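Q: Once you've had a glance at the structure underneath, I'll fire off some questions.
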Amino acid sequence: MPGWITDILYAIINTVPAMIVAQDSPHFMLARTMFVLILIVLIVCAIVWLPSFCSALVRYFRKPSTPDHA
């Protein structure tokens, strides 16, 4: 299982910077490194914020509905 995840990540890491910078450019390695750092930060943020976001959604949808007395 980790093999196909690694393959997908490696393909993304090589494809996205190639859309911005030519692969034979001297700046390609820099663009790829910056993209990897951004990807790592996004993955860590998703891992950290996802549980609190899900629990907030559960609290919101489990709120007891109170009738309006207008």
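A short reminder: the numbers here are calculations on the coordinates, not readings from a lab. What you see is a predicted model, and the numbers here were worked out from it, not measured in a lab. Positions of Cβ are backbone-derived with ideal geometry, glycine not excepted, and every protein chain shown enters the neighbour counts.
Q: Only one residue in PRO17, PRO51 is touching a helix residue (DSSP H, G or I) at 6+ places or on another chain (Cβ under 7 Å), assigned to a helix (DSSP H, G or I) and of a type outside the set (Val, Ile, Thr), so which one is that? Talk me through it step by step, then tell me what you get.
A: Numbers: PRO51 fails: touching a helix residue (DSSP H, G or I) at 6+ places or on another chain (Cβ under 7 Å).
Answer to the selection: PRO17.
Q: Now, a different point. Take ILE47 and decide whether it is free of Cβ contacts under 8 Å to residues at least 40 places away in the same chain and surrounded by 10 or more Cβ atoms within 10 Å (Cβ to Cβ).
A: When the stated conditions are applied, ILE47 does not pass them.
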